[in-house]
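Down below is the structure, laid out as structure tokens.
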Amino acid sequence: MVEELGVEVSITRLLWTVENFFHFEQRNWHELGFYYLMEIPPEFPFRPEEIIHRVEDGDNHLEFKWVPATRKALTALDIPPYFIADEIEALPAASRHLVWRDGNLDDQSRRR
């Protein structure tokens, strides 16, 4: 988070280990993602109406803006992997392993 937002955070716990299979730029990809619950310092700005951080990543100019951690807000963004929008309002009590295939969760691969 220091690299992305310029802020030190505290990692609370691992929420999901995700195997994400997707097609992008005419190629098939297999991504391993680790998603953590974090504590952000209270003085860090949460102002959804304004851009709070900008960074250049190669040719990409990224702007960071806060949104509420709700299904409605995350669905409106259309940012994969989409399972996060479905689970953001009821985080798992223990970390889970998920397999995500181009927008479809493989229920046979869910594990605690």
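The values are calculated or read from the model by the stated rules, or taken from the named source; none is laboratory data. Model, not experiment: these values are computed from the prediction. We place every Cβ from the backbone using ideal geometry, glycine too, and count neighbours over all the protein chains shown.
Restricting to region 66-99, name every residue that is within 12 Å of the chain's Cα centre (by Cα), touching a residue at least 40 places away in the same chain (Cβ under 8 Å) and either in a loop (DSSP other than H, G, I, E, B) or over 18 Å from Val18 (Cα atoms) (or both).
Within region 66-99, Pro80, Pro81 qualify.
In the list Glu43, Glu3, which residue meets the criterion of being over 15 Å from the mean Cα position of the chain (by Cα), part of a helix (DSSP H, G or I) and exposed (fewer than 10 other Cβ atoms within 10 Å of the Cβ)?
That would be Glu3, the only listed residue that is over 15 Å from the mean Cα position of the chain (by Cα), part of a helix (DSSP H, G or I) and exposed (fewer than 10 other Cβ atoms within 10 Å of the Cβ).
For region 29-53, name all the residues that are of a type outside the set (Val, Ile, Thr), in contact with a strand residue (DSSP E or B) (Cβ under 9 Å, 6 or more places away or on another chain) and at pLDDT 85 or above.
Passing the criteria: Trp29, His30, Glu31, Leu32, Gly33, Phe34, Tyr35, Tyr36, Leu37, Met38, Glu39, Pro41.
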